[in-house]
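The values are calculated or read from the model by the stated rules, or taken from the named source; none is laboratory data. These numbers come from a predicted model, not from an experiment. Cβ atoms come from the backbone with ideal geometry, glycine included; neighbour counts cover every protein chain shown. Ligands, DNA and RNA are excluded from the accessible area calculation, which covers all protein heavy atoms including side chains. Shrake-Rupley method; radii C 1.70, N 1.55, O 1.52, S 1.80 Å.
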Amino acid sequence: MPGFELFSDLEREQVEDVLDNGVLMRYGFDGMRKGHWKAKALEAELQHTFKVDYAQLVSSGTAAVSVALASAGVGAGDEVIMPTFTFVASFEAIIMLGAVPVLVDIDDTLTLDPAAVEAAITAKTKAVMVVQMCGSMGDMKALRKVCDKHGLIFVEDACQAIGGSYHGKSLGSIADFGCFSFDFVKTITCGEGGAVITNNPEYYKNADHFSDHGHDHVGKDRGAETHPFLGYNFRISELHAAVGLAQIKRLPEFLDIQKKNFTIIRNAIAQIPGVTFRRVPEGGIESCAFLNFFLPDLDSARKVSTAFMENGIDVCFHYYDNNWHYVRKWQHLSAAKSLYPLSTEIKTALVKLQNKTFEQSDDFIGRNISCLIKLSWTEDEVRARADKMAQLISNTLS
Ligand SMILES: Cc1ncc(COP(=O)(O)O)c(C=O)c1O
């Protein structure tokens with residue numbers, strides 16, 4: 001991660017193909033596009049790569065989450081359970097539909113604690129969203145069991161974990177829906193873009209229509225298409241899809257590099273007393289987009305994070321103090337700061353967050369450091385970085 005580090009002639013050729021025929025929109029203009037359908041081709045690649053029946057490209061990962069939830073009928077007043085550690089997109093996508101985000105603790109997998117999910121279920125709960133953060137996954141069997149027991153929709157945000165797997169199944173393909181982001185910093189990038197994948201034909205049809213103003217996509221005359229229900233515009237453009245089409249074919253190459261670099265750094269720090277790693281559920285294989293490790297306490301994690309920054313070890317994040325990824329710093333959420341009026345249900349739920357504590361999440365995120373694994377490092381660079389990281393951690397802990 002990120003795929004842009006290795007842009008090549010493959011991406012250029014795909015984009016030039018689109019510019020040559022001049023059709024930047026994914027729907028219509030059949031004659032003019034001379035058989036070029038980049039979004040359709042990328043959807044077919046996604047179905048093939050993730051072994052699912054359906055893929056719907058959209059304009060972003062955030063849109064993918066909204067489209068997935070809407071496609072399953074989640075809306076006004078419905079509660080959606082999500083983790084305290086994620087990207088702000090998770091609650092944005094829920095609130096956009098008028099649904100209510102219910103935040104619950106993470107465990108040592110760094111995503112949803114199944115026991116915390118079960119404890120948060122009410123008569124209004126409609127869906128559970130696991131966010132496969134930083135290249136790994138939640139306890140999918142346990143989470144599925146909770147969802148099945150309570151008849152809940154299970155959504156998998158695999159935006160940060162493309163290429164990881166669980167019992168042989170690709171992350172994103174396990175729950176009722178999988179959501180991907182292809183924004184600029186993801187392992188596979190379109191510049192901006194996202195996708196919803198599913199094996200459910202009804203959900204797919206809904207996602208297809210909802211992401212394009214409710215168009216039914218029947219026939220060849222866009223103006224004559226009917227609108228079975230309300231929708232929005234979450235379309236991807238052909239230019240973005242073209243970049244993604246080149247990138248998805250390179251996913252195995254990117255994953256190999258990630259794994260090689262990840263392993264060098266992991267091995268270098270594994271023996272340091274006090275260093276432990278996130279739990280990867282049995283049967284799980286990380287995408288290796290990030291290496292996550294725990295230190296004994298918040299204080300040592302803060303010191304190591306500072307030592308990394310002061311000594312040129314970039315892209316290592318201590319999310320406890322980060323504004324994007326952890327509940328502790330989402331004051332705009334708990335203050336329900338919105339440009340437009342929010343429903344009473346949403347406001348009531350958000351204001352409760354002001355006094356809610358998440359000790360279990362604080363413990364894991366407070367001790368965690370999450371290091372991005374780049375694709376462009378040379379082996380010498382990775383080895384030098386790994387040695388330096390080991391030395392800085394050892395010095396801090398001794
Ligand atoms: C876990 C997660 N979900 C959703 C998103 C949103 O993706 P996008 O930036 O494409 O809207 C991101 C983006 O960083 C993410 O990390």
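Any idea which of GLY135, GLY164 is within 20 Å of PHE317 (Cβ to Cβ), away from the ligand (no atom under 12 Å from the Cβ) and touching a strand residue (DSSP E or B) at 6+ places or on another chain (Cβ under 8 Å)? Let's see the steps before the verdict.
Values: GLY135 fails: away from the ligand (no atom under 12 Å from the Cβ).
Answer to the selection: GLY164.
Give me the residue from region 105-127 that is more than 24 Å from ALA289 (Cα to Cα) and open to solvent by less than 10 Å² (accessible area, probe 1.4 Å) and, out of that set, nearest to the ligand (Cβ to nearest atom).
ALA127
Hey, among the residues in region 167-199 that are among the acidic types (Asp, Glu) and within 16 Å of the ligand (Cβ to nearest atom), which one's most open to solvent (accessible area, probe 1.4 Å)?
Of region 167-199, the ones among the acidic types (Asp, Glu) are 176, 183, 192.
Within this subset, residues satisfying the condition of being within 16 Å of the ligand (Cβ to nearest atom) are 183, 192.
Values: ASP183: 40, GLU192: 100 Å².
Top of the filtered list is GLU192.
Among the candidates PHE308, PHE293, which residue alone is in a strand (DSSP E or B) and modelled with pLDDT of 95 or more? Lay out the reasoning, then the answer.
Working: PHE308 fails: in a strand (DSSP E or B).
Just one listed residue meets the conditions, PHE293.
Just one of the numbered conditions (1) part of a loop (DSSP other than H, G, I, E, B); (2) within 14 Å of the chain's Cα centre (by Cα); (3) crowded, with 16+ Cβ neighbours inside 10 Å is not true of ARG235; which one?
Tallying (1) part of a loop (DSSP other than H, G, I, E, B); (2) within 14 Å of the chain's Cα centre (by Cα); (3) crowded, with 16+ Cβ neighbours inside 10 Å, ARG235 fails exactly one: (2).
Taking the residues in region 53-79 that are more than 8 Å from the ligand (Cβ to nearest atom) and in contact with a Gly (Cβ under 6 Å, 6 or more places away or on another chain) as candidates, determine which candidate is most open to solvent (accessible area, probe 1.4 Å).
Per the stated criteria, the residue is ALA76.
Could you figure out which of (1) within 13 Å of PHE177 (Cα to Cα); (2) in contact with a Ser or Thr (Cβ under 6 Å, 6 or more places away or on another chain) isn't true of PRO83?
(1)
Exactly one of these conditions fails for MET389: (1) within 20 Å of the chain's Cα centre (by Cα); (2) in contact (Cβ under 8 Å) with a residue 24 or more places away in the chain. Give me its number.
Only one criterion in (1) within 20 Å of the chain's Cα centre (by Cα); (2) in contact (Cβ under 8 Å) with a residue 24 or more places away in the chain is unmet by MET389, namely (1).
So which residues in region 270-279 are crowded, with 19+ Cβ neighbours inside 10 Å and under 17 Å from LEU372 (Cα atoms), if there are any at all?
Of all residues in region 270-279, those crowded, with 19+ Cβ neighbours inside 10 Å come to 275, 278.
The one that is crowded, with 19+ Cβ neighbours inside 10 Å and under 17 Å from LEU372 (Cα atoms): ARG278.
Which pairs have Cβ atoms under 6 Å, sit 6 or more apart or on different chains, and link a residue in region 122-151 that is at pLDDT 95 or above and in a loop (DSSP other than H, G, I, E, B) to one that is away from the ligand (no atom under 16 Å from the Cβ) and open to solvent by 10 Å² or more (accessible area, probe 1.4 Å)?
Qualifying pairs under 6 Å: LYS124/GLU79; SER136/VAL280; MET137/TYR166; MET137/GLY284; ASP139/PRO114.
On the basis of being under 14 Å from LEU103 (Cα atoms) and open to solvent by 80 Å² or more (accessible area, probe 1.4 Å), does LYS337 make the cut? Quick ask: steps written out before the conclusion?
On the way: under 14 Å from LEU103 (Cα atoms): no; open to solvent by 80 Å² or more (accessible area, probe 1.4 Å): yes.
Criteria not met by LYS337.
Cβ-Cβ distance below 8 Å, separation of 6 or more or different chains: which pairs start in region 165-186 with a residue that is among the hydroxyl-bearing types (Ser, Thr, Tyr) and end on one that is surrounded by fewer than 24 Cβ atoms within 10 Å (Cβ to Cβ) and assigned to a strand (DSSP E or B)?
Matching pairs, first to second residue: SER165/GLY284; SER165/ILE285; TYR166/GLY284; TYR166/ILE285.
Residues of region 348-397 being open to solvent by 50 Å² or more (accessible area, probe 1.4 Å), within 16 Å of TYR319 (Cβ to Cβ) and not acidic (Asp, Glu), which ones?
Matches in region 348-397: GLN360 only.
Among the residues of region 80-98 satisfying the criterion of being open to solvent by less than 10 Å² (accessible area, probe 1.4 Å) and free of Cβ contacts under 8 Å to residues at least 40 places away in the same chain, which is nearest to the ligand (Cβ to nearest atom)?
Applying the filter and picking the extreme gives ALA93.
Considering SER237, SER287, which residue is small (Gly, Ala, Ser), modelled with pLDDT of 95 or more and in contact with a Gly (Cβ under 7 Å, 6 or more places away or on another chain)?
Details: SER237 fails: in contact with a Gly (Cβ under 7 Å, 6 or more places away or on another chain).
None of the other options fit; the residue is SER287.
Inside region 144-155, can you point out the residues that are within 30 Å of VAL185 (Cα to Cα) and touching a helix residue (DSSP H, G or I) at 6+ places or on another chain (Cβ under 8 Å)? Even if it seems obvious, please write down each step before you answer.
Filtering region 144-155 down to residues within 30 Å of VAL185 (Cα to Cα) leaves 144, 153-155.
Of everything in region 144-155, those that are within 30 Å of VAL185 (Cα to Cα) and touching a helix residue (DSSP H, G or I) at 6+ places or on another chain (Cβ under 8 Å) turn out to be ILE153, PHE154, VAL155.
Only one of ARG302, ARG328 is without any contact (Cβ under 8 Å) to a residue 40 or more places away in the chain, buried (at least 17 other Cβ atoms within 10 Å of the Cβ) and under 25 Å from the mean Cα position of the chain (by Cα); which?
On the way: ARG302 fails: under 25 Å from the mean Cα position of the chain (by Cα).
Just a single option satisfies the conditions, and that option is ARG328.
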